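Below is one structure, written out as structure tokens; comments come after it.
The values are calculated or read from the model by the stated rules, or taken from the named source; none is laboratory data. These numbers were taken from a predicted model, which means no experiment stands behind them. Cβ: placed from backbone, ideal geometry, glycine included. Neighbour counts: every protein chain shown.
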Amino acid sequence: MKNVLLVLSLIVSFQANAQLKMVDSYYQFQKITNVQRTHAELFDTGVEWAKQLAEDTQQEIRLDQKSVIMWVEVPYHFDTKHSKFLFEYTLEFGEGWYQEKVSQIQFQTEGKAYGLGDEALPEKKRVISEASFSINMLSDSLLSKMYDTVYSQECNQVHLEAK
């Protein structure tokens with residue numbers, strides 16, 4: 001099972017390497033997605049998604065008129081030591097777009113915390129690959145939520161027009 005997860009995370013990390021980048025010795029993720037919806041629609045959907053995620057992980061979120069900021073904790077799947085990733089996840093919303101930013105990525109294992117750029121990080125390639133995989137899964141979850149909302153609204157509109 002570990003090998004299957006490793007292969008899957010490597011495949012996704014090859015796709016995501018353009019998004020998880022080292023800047024000033026720290027790994028970061030940034031992605032802008034265009035969705036043909038108003039700022040309010042995108043913001044409401046993003047806040048709903050973030051609140052559900054925060055509820056599931058017992059994390060707090062901070063909101064203002066244009067963004068959602070939260071700390072996200074994701075389990076590391078390659079060991080039984082209860083290791084995890086912890087990072088700050090920011091969503092910013094505009095008219096017809098939203099932007100995701102991930103910063104301050106930490107890998108926590110056996111009571112120690114490492115940045116992904118730390119030389120002492122154990123199994124560095126595997127950990128970075130899994131971090132990339134986890135962040136992209138989170139991003140894909142948000143994208144799915146955004147398009148699910150768009151699709152359901154368009155289906156309702158078509159249904160109303162058909163009447």
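The rows are residues; the columns are (1) on the phi < 0 side of the Ramachandran plot; (2) modelled with pLDDT of 90 or more; (3) of a type in the set (S, T, Y).
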site	(1), (2), (3)
F87	yes, yes, no
G96	no, yes, no
E100	yes, yes, no
Y114	yes, yes, yes
S129	yes, no, yes
F133	yes, no, no
V150	yes, no, no
E154	yes, no, no
E161	yes, no, no
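Scanning region 74-93 for residues being surrounded by 14 or more Cβ atoms within 10 Å (Cβ to Cβ) and either of a type in the set (G, A, S) or not in a loop (DSSP other than H, G, I, E, B) (or both) gives a total of 12.
Check region 32-54 and report whether any residue there is surrounded by 15 or more Cβ atoms within 10 Å (Cβ to Cβ), of a type in the set (V, I, T) and at pLDDT 90 or above. Checked against the condition, which is being surrounded by 15 or more Cβ atoms within 10 Å (Cβ to Cβ), of a type in the set (V, I, T) and at pLDDT 90 or above, region 32-54 yields at least one hit.
All of Q65, Q104 fail the test of being at pLDDT 90 or above and either more than 23 Å from K21 (Cβ to Cβ) or not charged (D, E, K, R) (or both), apart from Q104.
Number of residues in region 81-122 that are within 26 Å of L42 (Cβ to Cβ) and in contact (Cβ under 8 Å) with a residue 60 or more places away in the chain: the value is 10.
For residues that are acidic (D, E) and either touching a residue at least 24 places away in the same chain (Cβ under 8 Å) or surrounded by 14 or more Cβ atoms within 10 Å (Cβ to Cβ) (or both), tally how many sit in region 55-72.
Going through region 55-72 one residue at a time, the tally reaches 0.
So which residues in region 56-80 are among the charged types (D, E, K, R), out of contact with any helix residue (DSSP H, G or I) (no Cβ under 7 Å at 6 or more places or on another chain) and farther than 20 Å from F43 by Cβ, if there are any at all?
In the first step, residues of region 56-80 are kept if they are among the charged types (D, E, K, R); the result is 56, 60, 62, 64, 66, 73, 79.
Right, trim to out of contact with any helix residue (DSSP H, G or I) (no Cβ under 7 Å at 6 or more places or on another chain) and you get 56, 62, 64, 66, 79.
Answer for region 56-80, where residues must be among the charged types (D, E, K, R), out of contact with any helix residue (DSSP H, G or I) (no Cβ under 7 Å at 6 or more places or on another chain) and farther than 20 Å from F43 by Cβ: D56, D79.
The residues of region 67-93 that are more than 18 Å from the chain's Cα centre (by Cα) and of a type outside the set (S, T, Y), listed by number, are F78, D79, K81, H82.
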